[in-house]
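Enquirer: If you scroll down you'll find the structure; I have some questions about it.
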Amino acid sequence: MKTVLKTLAALAGLTLAGGCTTEGDVSGRALFTDNCAVCHGRKADGNGPLADKLEIRPANLSELALNNGGVFPADDTIAKVHGYSNSDHFADMPEFGSVFTGPEVMWETADGARIPTTQNMVSLVRYLESLQVSE
Ligand code: HEC
């Protein structure tokens, strides 16, 4: 399965890349599957294969919108992932760096602030948004 996903990601990267390195163009789904699903689960429900082995249980990321009055907290999620990247949160996940590589973009927050992040981060968060449950 993982190989299939990697192959799909590579194909998607080739289609989008148009001469750039493929690394900067991996889809949000591939980024999530490779970097987050082991703890948070493929459906982002907090039940990844590593979940039971961690001291702190991974958050259920499919309920971020539900817990925020039905609005997906994209700004907050990006800020948290940026913050975690500097902590032990990802100690076991060296390849997590791919979220922070590739072309940079300016993300405009709901209150109009502009924060620099990567296109990969935006793709990842958009994918996470698509996994939100409504109840
Ligand atoms: C090694 C396991 C692990 C991996 C890999 C991991 N997480 Fe987490 N994550 C956790 C744990 C554990 C928590 C809960 C931390 C806490 O409560 O302090 C958490 C919390 C979070 C939160 C905060 C949720 C909230 O309700 O505030 C976000 C957002 C998050 N993770 C996003 C991600 C993303 C995106 C990825 C992949 C790029 C990822 N995590 C990869 C273990 C992991």
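The values are calculated or read from the model by the stated rules, or taken from the named source; none is laboratory data. Since this is a predicted model, take the numbers as computed values, not measurements. Glycine also receives a Cβ, built like all others from the backbone with ideal geometry; neighbour counts cover every protein chain displayed.
Enquirer: Answer with yes or no whether Glu95 is modelled with pLDDT of 80 or more and either of a type in the set (D, E, K, R) or closer than 22 Å to Gln132 by Cα (or both).
Expert: Working: modelled with pLDDT of 80 or more: no; either of a type in the set (D, E, K, R) or closer than 22 Å to Gln132 by Cα (or both): yes.
Taking the combined requirement at face value, the residue does not satisfy it.
Enquirer: Out of (1) within 17 Å of the chain's Cα centre (by Cα); (2) at pLDDT 95 or above, what's the single condition that is false for Gly24?
Expert: Here Gly24 clears every test but (2).
Enquirer: Assuming Gly112 fulfils every condition listed in (1) on the phi < 0 side of the Ramachandran plot; (2) modelled with pLDDT of 90 or more apart from one, which condition is it?
Expert: Among (1) on the phi < 0 side of the Ramachandran plot; (2) modelled with pLDDT of 90 or more, the lone unmet condition for Gly112 is (1).
Enquirer: Next question, about the same structure. Just checking, which of Phe100, Phe72 is at pLDDT below 90 and surrounded by 13 or more Cβ atoms within 10 Å (Cβ to Cβ)?
Expert: Details: Phe72 fails: at pLDDT below 90.
On inspection, the qualifying residue turns out to be Phe100.
Enquirer: Follow-up question, since we're still on this one. For the stretch 50-69, enumerate the residues that are modelled with pLDDT of 95 or more and not hydrophobic (A, V, I, L, M, F, W, C). Full working, then the answer.
Expert: We begin by selecting, within the stretch 50-69, every residue modelled with pLDDT of 95 or more; these are 60-69.
Asn60, Ser62, Glu63, Asn67, Asn68, Gly69 - these are the residues of the stretch 50-69 that are modelled with pLDDT of 95 or more and not hydrophobic (A, V, I, L, M, F, W, C).
Enquirer: When you look at Ala79, is it within 11 Å of the ligand (Cβ to nearest atom), modelled with pLDDT of 85 or more and not in a helix (DSSP H, G or I), yes or no? Before you say what the answer is, go through the steps one by one.
Expert: On the way: within 11 Å of the ligand (Cβ to nearest atom): yes; modelled with pLDDT of 85 or more: yes; not in a helix (DSSP H, G or I): no.
Against the criterion (within 11 Å of the ligand (Cβ to nearest atom), modelled with pLDDT of 85 or more and not in a helix (DSSP H, G or I)), Ala79 does not qualify.
Enquirer: Shifting gears a bit: Anything in the stretch 24-70 that is within 10 Å of Leu131 (Cβ to Cβ), without any contact (Cβ under 8 Å) to a residue 24 or more places away in the chain and near the ligand (Cβ under 9 Å from one of its atoms)? List them, or say none.
Expert: Listed by number, the list holds a single entry, His40.
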